[in-house]
Amino acid sequence: MASMLELKNVHAGYGEFRVLHGVNMRVDKGEIVALVGPNGAGKTTTLRTILNMTTRYEGEIKFQGRDITRIPTHKIVEEGITMVPEGRGIFNPLTVYENLLAGAYTKRAQEKIEDSLEFVFSLFPRLKERKNQIAGTLSGGEAQMLAIARALMARPTLLMFDEPSLGLAPKIVLEVFDVVVKLRDSGVTVLIVEQHVKNSLEVADRAYVMEMGQIVLEGEGKALLKDERLKKAYLII
Amino acid sequence: MMDPILVTNNVLDGLLMGLLYSLVALGLALIFGVMDIINFAHGDFVMIGAYTAWLLAMAFWVDPSVTAIITVPLFFIIGIGIYKLVIEPVLGAEPLIQIAVTVGLGYVFQNIALALWHAEPKSFPAPWLNFSISAGGITLSVAKLIAGGISIISLYLIHYMLTKTKFGLAVRATSANREVAPLMGINVKKVYAITFGIGTALTALGAALYMSWGQTNPYLGQSFSLLSWVIVAMGGLGGVIGVLYSGLIVGVLEALGSTFITPSARLAVVYLAFFLLLWFRPRGLFARR
Ligand SMILES: Nc1ncnc2c1ncn2[C@@H]1O[C@H](COP(=O)(O)OP(=O)(O)OP(=O)(O)O)[C@@H](O)[C@H]1O
Ligand SMILES: [Mg+2]
């Protein structure tokens, strides 16, 4: 079976500053794939490169069999990939509801907007209560829920998370992982970058470990959890 | 002693001019709010718009305000062209480069006007609307009443576009976070181009209305720029409504200063009031703390 997303020998960075040195990865339909690694390894850069938000020097990225390396970001979103960005990227002056509407900006999402709203409000009832609140006044946890809900409004085939649990209380971190699993079970394919290596390897079907812009280890999530090198590097107990 | 009727008359005059200033300043506020670029040529677009209205009025022998039917769409397209040629290339550049580019653009416009039409002021010799109506000692210019009316309708339409339409949502999302907007599927470059087009079209509308009674010269842009900056600085954070209130305040201050101090001090009065306001509200009238 062909992969949903495939990166072949991708070299990318920011202008002259090279970050990724030949990344090879794939994400299959229905999987949760985790991408872990130390700070500055290039995880965010990988996700941004998939969305054509960096400088790419070499390599190819295919989504559902189609080469997307030269397609502008907003059109890739229309194709069905979206991302919950690092730091959430909420539209602060807009209301919660307007943030959700913005999430459904693409043609593919517009037709299903009522359905999508119902779905995200059932997933995050708190957002429904706060529908007309200015998004900038939400708590950190609520803002993260909004960021996830907004991404879901785009009706993605592939949803990428960049450190969704950053800065959240442990209880809410678990909630976020619950949501990730729920989404996978509802048919969304997930690529997740996380600092919480243990949690993410537990829920991931497969995982990649990135160091200094290269994939250094890959395997099934649960198998990697037992990997000695990884245990040492990330102090997984 | 100040004559209360004269004061009232001045306030009403000032409010009408304030509506027109708000309309022009809204263009500056939109461009700044969405793309973070201060368009120093904004007033010079008004000046070029005024000449264009004058030329068309002379050619078709209609009141200059009527020429807005042509100049507004024309300037929308010119705005998009200038955005593509001059603004887009410097979007990520240092602020100093961006300033040099828009200041330079303003001087280019001034030089073109000077070369083509020389320094003598131009006005439409047979304005249809430049007469007044009086009631109870108050006299108002019909041209200004019409300009004020069209301005407020336009302000409302822009407000509606921003708050109620899909494109308006894209504009506000882009303004809130231009890095994240593309993740929604928003084409940010297109939002920029159209916003710049709208901002430029508003200067053409303001200019055509103004030419119903006013006259233009190559330096007309300076006072429109100066007034627009104050209006946006005072009220820009409050959206269209903020720009409207702040434009009305500026219009009234200008009218009172011009009558009770001296016409040549009108901009100084506006700016002194602005400095004073900043003592009490350093972030303008509409900052949320
Ligand atoms: N916009 C940028 N311009 C230039 N360099 C950047 C930019 N963003 C990131 N970098 C650099 O690229 C390298 C990889 O950064 P990246 O954000 O991809 O790491 P990361 O794996 O996501 O790290 P973290 O876990 O800290 O989020 C770093 O050295 C960083 O300084
Ligand atoms: Mg990162």
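Here are the numbers for the structure shown:
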item	result
Computed over the protein assembly as shown, Cα set: Rg, Dmax in Å	28.1, 93
Distance from the range A:31-52 to the range A:168-224 (C-alpha centre basis), Å	11 Å
Coil-residue trypsin sites (Lys or Arg not before Pro) of the range B:232-288, DSSP, other Cβ within 10 Å capped at 10	B:R288
Total accessible area lost when B and A pair, probe 1.4 Å, Å² to nearest 100	1700 Å²
Fraction in percent of alpha-carbon pairs per bin - 5 Å, the range B:101-156	4, 14, 12, 13, 12, 19, 15, 6, 4, 1, 0
Extension reserve of the B:L278-B:L140 stretch, reckoned as 0.36 nm per residue once the Cα distance is removed	46.4 nm
Efficiency of FRET between A:D205 and B:F167 - r from beta-carbon atoms, R0 45 angstrom, step 0.05	0.65
Averaged over A:86-93, number of beta-carbon atoms from partner chains that fall within 10 Å	4
Net charge of neighbours whose Cβ lies under 12 Å from the Cβ of B:G214, counting Lys and Arg as +1 and Asp and Glu as -1	+2
The range B:1-99: chymotrypsin sites (Phe, Trp or Tyr not before Pro) in DSSP coil with no more than 16 other Cβ atoms inside 10 Å	B:W61
Inter-site label distance for A:S186 and A:Y97 at 7 Å from Cα along Cβ, in nm	2.1 nm
In degrees, nearest ten, helix A:140-153 long axis to first principal axis of chain A (Cα)	90 degrees
Restricting the range B:136-231 to chymotrypsin sites (Phe, Trp or Tyr not before Pro) in coil, as DSSP defines it, with at most 15 other Cβ within 10 Å	B:Y219
Theoretical FRET efficiency, 1/(1+(r/R0)^6), r = Cβ-Cβ of B:K84 and A:E111, R0 25 Å, to 0.05	0.20
On Cα atoms only, tilt of A:170-185 relative to the major axis of chain A in degrees	90 degrees
Whole-number D in µm²/s for chain A (Stokes-Einstein; Kirkwood sum over Cα pairs; 4 °C, 1.567 mPa s)	72 µm²/s
Counted charge near B:Y160, where neighbours are those whose Cβ lies closer than 14 Å (Asp, Glu -1; Lys, Arg +1)	+3
Solvent-accessible area, 1.4 Å probe, carbon plus sulfur percent, for the protein assembly as shown	62 percent
Dimensionless Rg over Rh [the range A:92-155; C-alpha; Kirkwood]	0.94
Approximate shape of chain B as ellipsoid semi-axes (Cα gyration tensor, √5λ), whole Å, largest first	30, 23, 18
DSSP-defined beta bridges in the range A:100-237 - what % are antiparallel, rounded to 5	55 percent
Cα→Cβ-extended label distance, 7 Å offset, between B:L114 and A:E218, nm	6.5 nm
Separation of alpha-carbon centers, the range B:270-285 and the range B:180-250, rounded to whole Å	20 Å
Two-site FRET efficiency, B:I70 against B:F131, from Cβ-Cβ distance with R₀ of 30 Å, rounded to 0.05	0.75
C-alpha long axis of helix B:4-35 to longest principal axis of chain B, angle in °	10 degrees
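The values are calculated or read from the model by the stated rules, or taken from the named source; none is laboratory data. Note that the structure is a prediction, hence the values are computed from the model and not measured. Here the Cβ is made from the backbone with ideal geometry for all residues, glycine too, and neighbour counts use every protein chain on show. These accessible areas exclude ligands, DNA and RNA; they are computed on the full protein's heavy atoms, side chains included. Shrake-Rupley method; radii C 1.70, N 1.55, O 1.52, S 1.80 Å.
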